[in-house]
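Data first, discussion second: the structure below is written as structure tokens.
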Amino acid sequence: MPKRTLPTATALAVLFSSAALAVTGATPAVADTSTPLPVQSAGDIVVDGSHQRVFVSDPVGGKVVATDYAGTVVGTVTSLPGVKGLELSPDAGTLYAAVPGDDSLVAVDTATVTEAKRYPTGEGTDPQYPAWAGGKLWFGYGAAAQGNIGSLDVSGPDPVVTLKQAGGWYTAPLLASTPGAPDTLAAGVEGVSPITVAVYDVSSGTAAKTATGPNTSDYVASNLRDLALTPDGSHLVVASGAPYRHQVYRTSDLTPDGTYPTDAYPNAVAIAPDGTVAAGIDGMYEPDVWVYEPGSSTAEHVYDFTDTADGTGAGTLVPGGLAFTPDESHLFAVVATRSGGYALRDLDDTVPAPTTLSVNAPATATRAKELTVTGRLTSDTAFAPGTALAVTRTDPESPAGKALAPVTVAADGTYSFKDTPPAGGAVTYAVSYAGDTRHTAASASDTVDVSRATPTLTLDKNGNVYAYGADVSFTAHLGTTYKNRAVEIWADPYGSDKPDKLVKSGTVNSSGNLSVTLDLTRDTRLTAKFAGDARYKPVTATSRVHTKVSVSTTPSRHYKTAYAWSHTYYYFRKSVDPLFTTRMTSYPGRKYRVETQGYYAGAWHTTGKEYFALEPGGVGAVELTGTPSTGVRFRIRSAYIDTSSGDNVNATTYGSWKYFVFTS
């Protein structure tokens, strides 16, 4: 075994162990379908309800493409250079197409999708936008600084084209008419700022201007992209690049009369026979089309174009690219796709619009005191008056939830209700909307921390020190509570190899006590836990107790023992190296400290202290070497020193002294 010698004047050698040291979380509002169109551009869209066909003009390709309602191409009319505006005759038998590249109006048979007749409008007229009113086909025509309105009368044996009916336009004006007001014609120039619009009475066969505008001191829209008359002809709805809403004007004097809220940048409007308004924008990241009941400021449906399966993307609405079927069963949109093509979308209003619901409760509240919960129900589609929400309160008293009185949503979607929470702790108010055919269901919740009283909980024996292996009883005491009288006691011995463990659980006795007896081998942290109830909050109490190690020192190689100076002494020949064996409670990486003292000058004096590794079995042996003085009293002891001995799982423990002397 290793040995180390100190000068004999200190009376002892320092000892070494014989063992090696062991070191221890607005989304699409409505769904739609998309079908690619075989066109290079998109000028206008018209729906023929009689034959269930959709006509789309292609100015770049010089053609008109006809599809069925499913988007399948059923016919194409070609040789129409620059064809732009389209208009359906009142009997739906003829589609009129303005062909500026040929200075003509072309009649297309809607049943066969073939060209029926071509009507020249005069060289250089560039007709672009047709509209049927007063028994005639009116059309906007003219190049820059030459805009005018002409008419085509096909009621007689020979067609009659009349030009210069309404001049003064910068370029060919957009035209709008409606069967419900057959003698009213509206016009406006596309792309200019501020916009200019006018209304004409064409009952006499000529265009008599009745109003020009807009007449307003407020902001005048800019960059006109589309316009449409309401079914009775009383109002004109315009889509302009700015402001970011569709503006409404009275046709009597072109003064403002409301708006339909949308977003940047309005570029299309279509009005169904019953007055339903579809308002579209050129928006990449916003919804694309809003549908309103006449005069409403809240949309009935909002469409956000969805991505297509072929990877061409959602696309953006083209100017003037909206059209209803006469029975409103379909709303069609022409979009420019990300790939550079065009597609026909059938906007489906059978899918409910997304709904969001918020709940706002106070962060904290006092039990048995009234509190107020508020929130808002939101959708791009309007809710019916009297829409109700279900309310549930969940708390420690009602963990499965208790239904409260339903709450009615106000016209602006807000709601509020009052409640007096009977229980404390985490109180959750869950609010839900069941949804309907036009709205998805929605739910939300918020939690209030409702105050509870703090109960008394204690755990005895804190700070006490016990011998190794002592059986110690610990008692937790619980004071007044509401209903819950259960307590848990957990014991967590020091050291990572022994986890915190539940050692006792149960209901306290009539005195409020719960006890457990533990066999202590290490320092231990005990915790008493009360989980709380409806009126008293959870609490814990801790007690830390300390446990000594078992330690002993045994001398060997002595030749006798004798009782002297009030102790038993071990006698060694000075020619023999004494051996002292220590036994101590084992723990990975533990060391023990050996201390030696000599008696001289009437007192004990420390002659050496040193730590040595304890063998895994809890044994360590040291051997004294050197030439000691005879007739001098010595003593030796081993100790575990908390932390300094390599760990902190026990309390500092000193072994008993062993006394010895050397003789010749």
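The values are calculated or read from the model by the stated rules, or taken from the named source; none is laboratory data. Being a predicted model, the structure only gives us computed values, none of them experimental. Ideal geometry is used to build each Cβ from the backbone, glycine not excepted, and the neighbour counts take in all protein chains shown.
Counting residues in segment 248-255 that are closer than 27 Å to residue 436 by Cα, aromatic (Phe, Trp, Tyr) and not in a loop (DSSP other than H, G, I, E, B) gives zero. Just one of (1) part of a loop (DSSP other than H, G, I, E, B); (2) modelled with pLDDT of 95 or more; (3) over 24 Å from residue 339 (Cβ atoms) fails for residue 97. It is (1).
Looking at segment 386-408, can you tell me whether even one residue there is assigned to a loop (DSSP other than H, G, I, E, B), among the hydrophobic types (A, V, I, L, M, F, W, C), touching a strand residue (DSSP E or B) at 6+ places or on another chain (Cβ under 6 Å) and not assigned by TED's automatic domain parsing to the domain that holds residue 292? Checked against the condition, which is being assigned to a loop (DSSP other than H, G, I, E, B), among the hydrophobic types (A, V, I, L, M, F, W, C), touching a strand residue (DSSP E or B) at 6+ places or on another chain (Cβ under 6 Å) and not assigned by TED's automatic domain parsing to the domain that holds residue 292, segment 386-408 yields no hits at all.
A quick yes/no check of all residues on (1) at pLDDT 95 or above; (2) over 20 Å from residue 189 (Cβ atoms); (3) of a type in the set (A, V, I, L, M, F, W, C):
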position: 210; (1), (2), (3): yes, no, no
position: 214; (1), (2), (3): no, no, no
position: 223; (1), (2), (3): no, no, no
position: 259; (1), (2), (3): no, yes, no
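Do we have residue 186 as farther than 20 Å from residue 43 by Cβ and surrounded by 24 or more Cβ atoms within 10 Å (Cβ to Cβ) here? No; evaluated as a whole, the condition is false for this residue.
Checked across segment 125-143, the condition of being outside any strand (DSSP E or B), β-branched (Val, Ile, Thr) and either out of contact with any Phe, Trp or Tyr (no Cβ under 6 Å at 6 or more places or on another chain) or outside the structural domain of residue 95 (by TED's automatic domain parsing) (or both) holds for no residue. Within segment 291-318, the set of residues being crowded, with 21+ Cβ neighbours inside 10 Å and not in a loop (DSSP other than H, G, I, E, B) comprises 291, 292, 301, 302, 303, 317, 318. In this entry, residue 220 is excluded by the filter for residues that are touching a Ser or Thr at 6+ places or on another chain (Cβ under 9 Å), farther than 23 Å from residue 326 by Cα, assigned by TED's automatic domain parsing to the domain that holds residue 177 and buried (at least 19 other Cβ atoms within 10 Å of the Cβ).
Would you confirm, using the coordinates I've provided, whether residue 81 is in contact with a Ser or Thr (Cβ under 8 Å, 6 or more places away or on another chain) and of a type outside the set (Lys, Arg)? Against the criterion (in contact with a Ser or Thr (Cβ under 8 Å, 6 or more places away or on another chain) and of a type outside the set (Lys, Arg)), residue 81 does not qualify.
Consider segment 340-372 and keep the residues that are among the hydroxyl-bearing types (Ser, Thr, Tyr) and under 31 Å from the mean Cα position of the chain (by Cα). The one that is nearest to residue 301 (Cα to Cα) is 350. Against the numbered list (1) over 58 Å from the mean Cα position of the chain (by Cα); (2) at pLDDT below 95, residue 616 comes up short only at (1).
Among residues of segment 409-422 that are surrounded by 13 or more Cβ atoms within 10 Å (Cβ to Cβ), those with a beta-carbon under 9 Å from a residue that is among the aromatic types (Phe, Trp, Tyr) and at pLDDT 95 or above at least six positions away or on a different chain give the pairs 409/415; 409/433; 417/429; 419/429.
Annotation note: of 327, 380, the sole residue that is farther than 24 Å from residue 38 by Cα and either surrounded by fewer than 18 Cβ atoms within 10 Å (Cβ to Cβ) or among the aromatic types (Phe, Trp, Tyr) (or both) is 327. Within segment 144-179, the set of residues being loosely packed, with under 15 Cβ neighbours inside 10 Å and either within 58 Å of the chain's Cα centre (by Cα) or in a loop (DSSP other than H, G, I, E, B) (or both) comprises 144, 145, 155, 156, 157, 158, 164, 167, 168, 179.
For segment 563-605, the candidate set comprises residues that are farther than 13 Å from residue 635 by Cβ and of a type in the set (D, E, K, R); within that set, the residue that is nearest to the chain's Cα centre (by Cα) is 590.
Each residue in segment 336-348 was checked for being assigned to a loop (DSSP other than H, G, I, E, B) and surrounded by fewer than 20 Cβ atoms within 10 Å (Cβ to Cβ), and 5 of them qualify. Suppose the filter is under 22 Å from residue 332 (Cα atoms) and surrounded by 21 or more Cβ atoms within 10 Å (Cβ to Cβ); does residue 58 pass it? So residue 58 passes the test. Applying the set (1) over 54 Å from the mean Cα position of the chain (by Cα); (2) buried (at least 22 other Cβ atoms within 10 Å of the Cβ) to residue 115 leaves exactly one unmet item: (2).
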